[in-house]
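Trainee: This is the structure, below, for whatever I ask next.
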Amino acid sequence: MAKRIDVSGLDIYYGAFKAVEGVNMTVEPRNVTAFIGPSGCGKSTMLRTLNRMHEVVPGARVEGKVMLDDQDLYSSDVDPVAVRRVVGMVFQRPNPFPTMSIYDNVAAGLKLNGVRQKSVLDDAVERSLKGANLWKEVHDRLNRPGGSLSGGQQQRLCIARAIAVEPQVLLMDEPCSALDPISTLAIEDLISQLKERFTIVIVTHNMQQAARVSDATAFFNLSGQGKPGHLIEMDSTQKIFSNPSEKATEAYITGRFG
Ligand SMILES: Nc1ncnc2c1ncn2[C@@H]1O[C@H](COP(=O)(O)OP(=O)(O)OP(=O)(O)O)[C@@H](O)[C@H]1O
Ligand SMILES: [Mg+2]
């Protein structure tokens, strides 16, 4: 079941440093939402607060509210591990379990969730690797370690691992930055299929990609060096790329800004 995310009054800190300030946004279910903006404006930070991965950095914390449907993700009775099970993530840098086999990398989450039946695991591994466009390259070497794959293959392995557990929300931080154009298009196709079932948020520096895959786009920006990032505007992707409300958005998407 895809879920809606409602963020209100969110400030995000690393120790005393406020990285992101005052974010209010709604991420719709069964939609792809793109986060765009210059390097350092807080896109990855923002993404990581949506599944409580932010707080694994010592001293990192948030103020404000993140609701997943009617559940307050930062409420004291919420288990962050349980949150990460329903809000999956693909990181900016591929992070497979390097010594674990390709098969086990994909099956790990299901096994953690108690799935033991080999035929069920086999099916899920094949389906997820096909979904991530990696099956053809690895189907005859599923016992090789995840770390033996190329960078782009590792990223696709991480995508397969994330979708194997059928999360309700999938967060993807520049998932295609290490991929060749064919794999990139395959991942974009996959994202379009997945959005029928999941809520998807993707961070991308590729404006064409944001325009191709997303329904809504959120533009983040920095007001200055050492200042926190802000959400400048969020709207339908169509509107952001044809007639944004803010001058800064237009400057960024047309490349007149760096
Ligand atoms: N682990 C951390 N500890 C301290 N500060 C951090 C940490 N991670 C990020 N920051 C700071 O938070 C701010 C936002 O960083 P973030 O990585 O979210 O930016 P980004 O928009 O994802 O950039 P990029 O497009 O380069 O990936 C930056 O000033 C960065 O230096
Ligand atoms: Mg980033």
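The values are calculated or read from the model by the stated rules, or taken from the named source; none is laboratory data. In this text the structure is predicted, and so the values were computed from the model without any measurement. Here Cβ is always computed from backbone atoms with ideal geometry, including for glycine, and neighbour counts include all displayed protein chains. Calculation scope for accessible area: heavy atoms of the full protein, side chains included, ligands and nucleic acids excluded. Shrake-Rupley method; radii C 1.70, N 1.55, O 1.52, S 1.80 Å.
Trainee: Out of the residues in the stretch 159-194 meeting the condition of being within 16 Å of ligand 2 (Cβ to nearest atom) and open to solvent by less than 10 Å² (accessible area, probe 1.4 Å), tell me which one is modelled with the lowest pLDDT.
Mentor: Looking at residues that are within 16 Å of ligand 2 (Cβ to nearest atom) and open to solvent by less than 10 Å² (accessible area, probe 1.4 Å), I get PRO175.
Trainee: Is it the case that the stretch 199-210 has a residue that's farther than 18 Å from GLN92 by Cβ, away from ligand 2 (no atom under 16 Å from the Cβ), open to solvent by less than 20 Å² (accessible area, probe 1.4 Å) and outside any loop (DSSP other than H, G, I, E, B)? Show your work before the answer.
Mentor: Narrowing the stretch 199-210 to residues farther than 18 Å from GLN92 by Cβ: 199, 208.
Now narrow it down to the ones that are away from ligand 2 (no atom under 16 Å from the Cβ): 199, 208.
Now drop any that are not open to solvent by less than 20 Å² (accessible area, probe 1.4 Å), which leaves 199.
Filter once more, keeping what is outside any loop (DSSP other than H, G, I, E, B): 199.
Yes - at least one qualifying residue is present in the stretch 199-210.
Trainee: Taking the stretch 235-258 on its own, how many of its residues are open to solvent by less than 50 Å² (accessible area, probe 1.4 Å) and either touching a strand residue (DSSP E or B) at 6+ places or on another chain (Cβ under 8 Å) or under 27 Å from LEU190 (Cα atoms) (or both)? Before you say what the answer is, go through the steps one by one.
Mentor: At the first step, the residues of the stretch 235-258 found to be open to solvent by less than 50 Å² (accessible area, probe 1.4 Å) are 236-237, 240, 244, 248-249, 251-253.
Right, trim to either touching a strand residue (DSSP E or B) at 6+ places or on another chain (Cβ under 8 Å) or under 27 Å from LEU190 (Cα atoms) (or both) and you get 236-237, 240, 244, 248-249, 252-253.
Residues that pass the stated criteria total 8.
Trainee: For the stretch 36-82, give me each residue that is open to solvent by 10 Å² or more (accessible area, probe 1.4 Å), β-branched (Val, Ile, Thr) and more than 16 Å from ligand 2 (Cβ to nearest atom).
Mentor: VAL62, VAL78, VAL81
Trainee: Quick check on my filter: what residues within the stretch 128-138 are open to solvent by 40 Å² or more (accessible area, probe 1.4 Å) and at pLDDT below 95?
Mentor: Those that are open to solvent by 40 Å² or more (accessible area, probe 1.4 Å) and at pLDDT below 95: LYS130, ASN133.
Trainee: Pick out the one residue from ARG116, ARG85, ARG156, ARG141 that is surrounded by 14 or more Cβ atoms within 10 Å (Cβ to Cβ), among the charged types (D, E, K, R) and over 27 Å from ASN206 (Cβ atoms).
Mentor: ARG85
Trainee: Could you grab me the full set of residues in the stretch 13-56 that are in contact with a Lys or Arg (Cβ under 8 Å, 6 or more places away or on another chain) and farther than 24 Å from ILE253 by Cβ? Before you say what the answer is, go through the steps one by one.
Mentor: Step one: of the stretch 13-56, the residues in contact with a Lys or Arg (Cβ under 8 Å, 6 or more places away or on another chain) are 13, 26-32, 35-37, 51-55.
If the condition is that a residue be in contact with a Lys or Arg (Cβ under 8 Å, 6 or more places away or on another chain) and farther than 24 Å from ILE253 by Cβ, then TYR13, PRO29, ARG30, ASN51, ARG52, MET53, HIS54, GLU55 are the ones that fit.
Matching residues to (1) touching a residue at least 60 places away in the same chain (Cβ under 8 Å); (2) of a type in the set (Ser, Thr, Tyr); (3) more than 16 Å from ligand 1 (Cβ to nearest atom); (4) under 18 Å from VAL32 (Cβ atoms):
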| position | (1), (2), (3), (4) |
| --- | --- |
| VAL125 | no, no, yes, no |
| GLY131 | yes, no, yes, yes |
| VAL138 | no, no, yes, no |
| ARG144 | no, no, yes, no |
| SER148 | no, yes, yes, no |
| ALA164 | no, no, yes, no |
| GLU174 | yes, no, no, yes |
| SER177 | yes, yes, no, yes |
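The rows are residues; the columns are (1) in contact with a Leu (Cβ under 6 Å, 6 or more places away or on another chain); (2) over 23 Å from VAL138 (Cα atoms); (3) of a type outside the set (Lys, Arg).
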residue	(1), (2), (3)
GLY152	yes, no, yes
ARG156	yes, no, no
ILE159	no, no, yes
PRO167	no, yes, yes
LEU194	no, no, yes
PHE219	no, yes, yes
